[in-house]
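Novice: Take this structure, written in structure tokens, and hold onto it; I'll ask about it next.
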Amino acid sequence: MDAPDAMDDEAARLRAKQVDVLFDQSPVALAASAAAAIFLVGMFWGASPQPILLGWFGLSVLVTVVRIGLIRRYRGSSDGPERARHWLRWFVAGVILSGAIWGVSVILLVPVESLVHVGFAVLWVCGLSAGAVAALAVVKGAFFAFSVPALTPGILYLLMQGEALAATIGGAQLIFLVFISLNALRMHKTLVHGLQMQLRNAQLIAHLDAERARVERLNAQLEERVAGRTAELAAANDYLQQDIADRRRVEQALFAEKERAQVTLHSIGDAVITTNAEGIVEYLNPVAETLTGWSVPEASDQPLSAVFHIVDEHNREPVPDPVAQCFAQEPGTSPPDPSILISRSGREYAIQNSVAPIRNRDGEVLGVVLVFNDVTEARRMAREMSHQATHDVLTGLVNRREFEHRLRRILKTSRKENVEHALCYLDLDQFKVINDTCGHTAGDEFLRQLGQSLQRQVRERDTLARLGGDEFGALLEHCPLQQARRVADALRQAVEDFRFFWEGKGFRVGVSIGLVPITQVSENLTAVLRAADSACYAAKEMGRNRIHLYHEDDAGLTRPRGEMQTVTQIIRALEDDRFHLLFQPLVPINDHVHEGTHYELLLRMSDEHGRVALPGTFLPTAERYNLSTKLDHWVTSKAFEWLADHPDHLQQLSLCAINLSGLSLGNEEFLDFVAKTFKENRVLPQKICFEVTETAAIANLSGATRFLKALKSYGCQFALDDFGSGMSSFSYLKNLPVDYLKIDGVFVKDIVDDPIDLAMVKSIHEIGRAMGKLTIAEYVENKAILGKLQEIGIDYAQGYYIGRPQPIEELT
């Protein structure tokens, strides 16, 4: 297929995929449109002429029915990609009719003197147009086919009324049209790119399948040839065994084989050179001629060192005469060090060679045979693999494994040689802002650029490594403490001076550095790294963006040591069943949400003396030491058992929210455990809402999406906790099948006095409403906050003003 034909074919497949997406998303959009039409008729029943209202509604229903029929015909057809344009034209025609019907609604149905009805109708049409971005943006023509006729008539009508307020509404509607058009174009580009990647991935998979089949065929052929050759060798061996008594006949056969050997030497892939006992070249096969640059006539009677010129790969020193080595050591061995062959033309090859003596019947040495092959590419790949094993892929710096290897070496030398070294442990301050604001691609680019900047601050003999995430390490060899302080300050200043720009935004971060001297009295690697981490933590505790020299009695280092005590307490509390469930009510604060019993389950831990520990004192440690999934097991199991033991309460329960940790997201074993627990306790999945934090979901977006969809299939609901803290939430929200957005309390608690927090809460609620998700506000501490939330339209409230946490037993 020619390149233009291939491009046309690819474009046709892309168009067909776009049409598939349009028709797949249409039922939901039509359902929303029908519901909106019913709601609009209800709102305007007493404000508009009823015949016109019924006529408009009947026309809307007719167009919707026709479009549903078009969808059914499309799904029942077997047309290929070449018919996609035909279906697209029909689809766009239906969209135009729907848009036009909604466009005239403002003109025909709304009394212009009632600004309330005008505003509602405009808001309703704008909302449908906003929803069309997600449903129709995959084909930008389809989006404009709906939004332009849906919004333009109302805009023109309002602008022509001659009233300032009506003109203002029309102008605002025009600005909205421009805004969603730009948003639709951007979403169209993203969706088309995603579809193109799907098609290309499918083509690549097909190509790989074909290649795999070809390799399998070749393997089968090779196996057949090997089996045949094995049979031939077995037959030859039987023949030799039968004729071993006839010595002369065997000798004659060996002489006959000489010519055959010459042919073989010409055919094999290895290079072969033979010499006499004095090391004078007698023969080269074609491969040897190519690699050395010498032909057989030119090389004959030349010493081997002139034809086979090799040097040590590392120091470029000449390698000793292979003939002399052959006589001095076991035959067939290779030189211990990697060798480089320099050909007659000066070209260099990395080679692997072996030498063996040639003996006559009496064991007398007649010469040597030198066999070698070109391993340039293999050696290059080995070097690359060695580099990848010891270096960080993103930054190119030394990785943690190699860093620890070098640290062990330095610890050994410091004890033997009484030499001072130093270790700097760097942890970036506020790096999360870049990831949350611009995404992980920007974060990776930031780390790559920063790594290059930091590398320039250390000496050539020092080691700068990326230890993981936003943590770096600097190993300063033969560096007294005073000089190490200067290097550490240079690293800190380099981070402080570093400016990172991404999509027109500028960022700067700081760094907290823990400095640990390495001397004769330094302990093992684990102790040194723990000290560096503790010093770095102390630097953060003292205000960040500073250097802290490790001291054993430093009071700021008590928390890292105390974490292991907390781990022990958690494990013992699980063994002794000293965890308790509390509940905190979630109250609906708007009329349109479902009434009933809603609450969130909270976890508390008691120590051996009965004192209660709040989650903040043990949950971070549980997360850090991989114990959080065990706690999730306990909470889920206990909650389901309690609900199953109280059927009367379960019957009136509307929603019970259970928190899950980030480690449980994507955990297949935990997923199986939840499914099994549902079956054993007969708790309706529809009454259970699992809460996951926004940060945990975004950190493992693909795994979280699969996890949520799996439990969604059972009927469970999901809430995204601490929503808004990531600053990039809206871009990920489209991919997460959640039902509730729990707005981060940091925005809610100051909503009465801080206009920025108020705007944030409004934005989150409006986006959630556009995506069909309910909103929950945390930290509702007083009546004023509750009033503001009701004005915005928030669906549920939670906080001390609503109700404090209480033991779950109080529910009965």
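The values are calculated or read from the model by the stated rules, or taken from the named source; none is laboratory data. Predicted model, so just to flag it, every value in this text is computed and none were measured. Every residue, glycine among them, receives a Cβ derived from its backbone with ideal geometry; neighbour counts consider all protein chains shown. Each accessible area value is taken on the protein alone, full model and side chains, heavy atoms only, with ligands, DNA and RNA left out. Shrake-Rupley method; radii C 1.70, N 1.55, O 1.52, S 1.80 Å.
Novice: Rank Ile310, Gly451, Ala639 by how far each Cα sits towards the positive end of the charge dipole of the chain (+1 on Lys, Arg Cβ; -1 on Asp, Glu Cβ) and give me just the farthest.
Specialist: My answer, from the dipole projection, is Ala639.
Novice: Can you work out the accessible area per residue across the chain, with the rest of the protein chains kept in place, probe 1.4 Å, in square angstrom?
Specialist: For the chain, the solvent-accessible area averages 53 Å² per residue.
Novice: Tell me, in nm to one decimal, what length is gained between Arg544 and Glu278 on full extension, where the rule is 0.36 nm per residue of separation less the Cα-Cα distance?
Specialist: 88.3 nm
Novice: Shifting gears a bit: Calculate what fraction, in whole %, of the accessible area of the stretch 592-713 sits on carbon and sulfur atoms when a 1.4 Å probe is rolled over the protein chains.
Specialist: After summing per-atom areas, the C and S share lands at 52 percent.
Novice: For helix 755-770, what angle does its Cα long axis make with the longest principal axis of the chain, in degrees from 0 to 90 and rounded to 10?
Specialist: 80 degrees
Novice: Mind listing which GluC sites (Glu not before Pro) in the stretch 587-637 are in a DSSP loop and have 10 or fewer other Cβ atoms within 10 Å?
Specialist: Glu595, Glu608
Novice: Rounded to the nearest 0.05, what FRET efficiency do Thr290 and Asp444 have when you use their Cβ-Cβ distance and R0 = 35 Å?
Specialist: 0.20
Novice: Continuing with the same structure: For the chain, what does -39500 (n - 2.57) per DSSP helix run (n ≥ 4), summed and divided by total residues, give at 222 nm, in deg cm²/dmol to the nearest 500?
Specialist: One gets -19500 deg cm²/dmol as the mean residue ellipticity at 222 nm.
Novice: Using alpha-carbon positions, what is the distance between the centroids of the stretch 309-328 and the stretch 738-762, in Å?
Specialist: So the two Cα centres are separated by 76 Å.
Novice: In degrees, nearest 10, range 0 to 90: what is the angle between the Cα axis of helix 247-267 and the longest Cα principal axis of the chain?
Specialist: 50 degrees
Novice: For helix 376-390, what angle does its Cα long axis make with the longest principal axis of the chain, in degrees from 0 to 90 and rounded to 10?
Specialist: 50 degrees
Novice: Rounded, prolate or oblate for the chain? Axes are the square roots of the Cα gyration tensor eigenvalues, ordered a ≥ b ≥ c, and the cut-off for rounded is a/c under 1.5.
Specialist: Prolate shape, in that a/c is at least 1.5 and a/b is the bigger ratio.
Novice: Among 785-791, 302-308, 800-806, how do they line up from the highest to the lowest mean number of other beta-carbon atoms within 10 Å?
Specialist: Ranked from most to least packed, the peptides come out as 302-308, 785-791, 800-806.
Novice: May I pose another question? Using a basic spin-label model with each label point 7 Å from the Cα along Cα→Cβ, how many nm lie between Ser305 and Tyr801?
Specialist: Each label point lies 7 Å from its Cα, and together they span 9.5 nm.
Novice: Pop a pseudo-label 7 angstrom from the Cα along the beta-carbon direction at both Ala770 and Met197 and give the gap in nm to one decimal.
Specialist: 2.2 nm
Novice: Which of the three applies to the stretch 686-812, rounded, prolate or oblate, going by the alpha-carbon gyration tensor with a ≥ b ≥ c and a/c under 1.5 meaning rounded?
Specialist: oblate
Novice: Separate question: Work out the FRET efficiency for Ile68 and Lys734 from their Cβ-Cβ distance, taking R0 = 25 Å, and round it to the nearest 0.05.
Specialist: That pair, Ile68 with Lys734, gives E of 0.50.
Novice: Here is a follow-up. May I ask you to derive the FRET efficiency for Leu481 and Thr526 from their Cβ-Cβ distance with R0 = 22 Å, giving the value to the nearest 0.05?
Specialist: Working from the Cβ atoms, E equals 0.50.
Novice: Can you give the accessible area of Thr705 in Å² (nearest 10), computed on protein heavy atoms with a 1.4 Å probe?
Specialist: The accessible area comes out at roughly 20 Å².
Novice: Right, here's the next one. What figure, in Å² to the nearest 10, do you get for the accessible area of Arg572 with a 1.4 Å probe and non-protein molecules left out?
Specialist: 120 Å²
Novice: Report the net charge of residues surrounding His609, where surrounding means a beta-carbon distance below 14 angstrom and charges are Lys +1, Arg +1, Asp -1, Glu -1.
Specialist: Surrounding charge for His609 is 0.
Novice: Could I ask something else about it? Starting from the Cα of Lys773, draw a straight line to each of the lysines and keep only those under 19 Å, dropping any in the same chain fewer than 8 residues away.
Specialist: By straight Cα distance, Lys773 reaches Lys687, Lys709, Lys712, Lys734, Lys742, Lys762.
Novice: May I pose another question? Fully extended, how many nm does the chain gain between Ser606 and Asp24 (0.36 nm per residue separation, minus their Cα-Cα distance)?
Specialist: 204.3 nm
Novice: If I ignore ligands, DNA and RNA and count only protein heavy atoms, how much of Asp577 is accessible to a 1.4 Å probe, in Å² to the nearest 10?
Specialist: The value for Asp577 is about 80 Å².
Novice: Expressed as a whole number of Å, what is the distance separating the alpha-carbon centroids of the stretch 211-235 and the stretch 662-720?
Specialist: Each part reduced to its Cα centre gives a spacing of 50 Å.
Novice: Here's something else I'd like to know. In what sequence, largest accessible area first, do Leu574, Leu650, Leu447, Leu222 appear using a 1.4 Å probe?
Specialist: I get Leu222, Leu574, Leu650, Leu447, largest accessible area first.
Novice: Say each of Glu575 and Ala644 gets a label point 7 Å from the Cα, pointing the same way as Cα to Cβ; how far apart are those two points in nm?
Specialist: 2.7 nm
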